[in-house]
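Working notes, beginning with the structure itself.
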Amino acid sequence: MTKRDYYEILEIPRTASPDEIKKAYRQIAMKCHPDRCPGDSEAEHRFKEAAEAYEVLQDPDKKQIYDQYGHEGLQGRGFQGFNNFDDIFSSFGDIFGEVFGLGGARRGGRRRPTRGSDLRFDTSITLEQAAKGTEIEIEVPKTVPCEHCGGSGAEPGTKPEPCGICGGKGQVYRTQGFFTISTTCAHCRGTGKVIAKPCRECRTAGTITRKRQLKVKIPAGVDTGATMRISGEGDLGDLGGPPGDLYVFIEVKPHETFVRQGDDLFLETSISFIQAALGTTIKVPTLEGETDLEIRPGTQPGEIYSIRDRGVKHLRSNRTGSLNVGVKVVIPKKLTKEQQELLEQFAKLSGESLKSSSKKKKLFSF
């Protein structure tokens, strides 16, 4: 089944601001919430559909991937959407509380474990590294369990206690009309526990930020805009939830000699008009060092020679692109008297007429 466009689902333009995205989602959530439309399968579908759209568009990294590659780009990076209502309420319970206080009571109360945030790291590599593949070491700041308290958030020797306000449920309830309305307990912030003596290192968070060294293998053939997903290397999840992922965005730096065109490389080389006319063998650079290039007699300015398998390896196959060499024929600006006489003789043999003043002036006046 083909998924609808997320912007179409939320009925917003692609230029919508974060506040406009949130507002559009809140309106659909209010209209299609299962507590307001019991038994309505169409409303239930719209509710789930809008939640998935909001999950992507409210996250800058996911939104960028979606805007560039669409649904396939997200699926290729492990995004599967929501499996059930519990996932939606767990992720966006704060929005339902803002809208009409629904979602917590009927779904089980206490805050649930949630997946950690994804991280982004931008890196630049050389054309040589992109062509052959490489391994780089990056330093990524990420959340890790606090070493001092072991992740509990409480000073060693103490432990969190059940919240006396909500009774350890993480939610407080009240009845309003036909609904049982739940809101997050302000005292324990939905965890169901309070910490009397906070950890002096993390101050109850249970996590701290550390810089982590990671080795990343970059395959041959990558180009600017390529993204690598490293599963589980994002921030830690909340309340024991799984960690997020790390996305490495790659930029290939411009090269001083070669211009990349897909898997092919292009460079320009200069030869004399004598070499172009008579033919010769010259040295040209490649990513692996110099190689010989045979110039055919009668080569014209702008002619391109192609050297197979001297380009960039294709990212998803064993094919390697070509090195295309554009020939620039250089005309001398100054000639010796002997050179001029020989060229005049060549012109006569070729049947080319020259002006009578050519002997008095230089053959090439530019």
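Throughout, read-outs are computed from the coordinates displayed, never taken from laboratory work. What you see is a predicted model, and the numbers here were worked out from it, not measured in a lab. FYI the Cβ positions are ideal-geometry reconstructions off the backbone, even for glycines, and counts take in every protein chain you see.
Cα-Cα pairs above 17 Å in region 289-339: how many percent? Beyond 17 Å sits 55 percent of the P(r) for region 289-339.
Straight-line cross-link reach from Lys215 at under 27 Å between alpha-carbon atoms covers these lysines, not counting any fewer than eight positions away in the same chain: Lys62, Lys63, Lys132, Lys142, Lys253, Lys313.
3J(HN,Hα) couplings calculated from phi for region 117-130 with the Karplus curve 6.51 cos²θ - 1.76 cosθ + 1.60 (θ = phi - 60°) are, in sequence order, 6, 6, 10, 10, 9, 9, 9, 10, 10, 7, 4, 4, 5, 5 Hz; Gly and Pro show x. Computed packing ranks the peptides 292-299, 228-235 as 228-235, 292-299, most packed first, by mean other Cβ atoms within 10 Å. Close amide-amide hydrogen proximity is noted between Ile208 and Val144, Cys146, each under 5 Å apart and 5 or more residues distant or on a separate chain (H modeled in the peptide plane; Pro and chain starts excluded). For region 115-175, the extents of the C-alpha atoms along the principal axes are 64, 38, 12 Å, listed from largest to smallest. The coefficient of translational diffusion for region 259-359, derived via Stokes-Einstein from the alpha carbon Kirkwood radius under 37 °C and 0.692 mPa s, stands at 205 µm²/s. Listed by chain and number, the lysines whose alpha-carbon sits under 29 Å from that of Lys337, ignoring those within fewer than 8 places in the same chain, are Lys328, Lys348, Lys355, Lys359, Lys360, Lys361, Lys362. Inter-label distance, Val259 to Ile304: 1.0 nm, where each label sits 7 Å from its Cα along the C-beta direction. Here the extension length gained between Glu135 and Leu342 equals 68.7 nm, from 0.36 nm per residue of separation less the Cα-Cα distance. A cut-off of 5 Å between modelled amide H atoms, ignoring neighbours fewer than 5 places along the same chain, links Thr286 with Thr291.
Residues in region 140-147 carry Karplus couplings, in order, of 10, x, 8, 7, 9, x, 5, 6 Hz; the curve used is 6.51 cos²θ - 1.76 cosθ + 1.60 with θ = phi - 60°, and Gly or Pro positions show x. Put a dot 7 Å past the Cα of Leu335, heading toward its Cβ, do the same for Leu278, and the two dots end up 1.6 nm apart. Counted over region 192-249 with a bin width of 10 Å, the fraction of Cα pairs per bin, in whole percents, is 17, 36, 25, 14, 6, 1. Taking amide H as placed 1.01 Å from N in the peptide plane, Thr320 has its amide H under 5 Å from the amide H of His314, each at least 5 places away in sequence or on another chain. Using R0 = 30 Å, the C-beta based FRET efficiency linking Gln75 and Val144 works out to 0.55. Figure legend: label point modelled 7 angstrom from the Cα of Arg316 along Cα→Cβ; residues of region 210-249 with amide N under 17 Å from it are 219-229.
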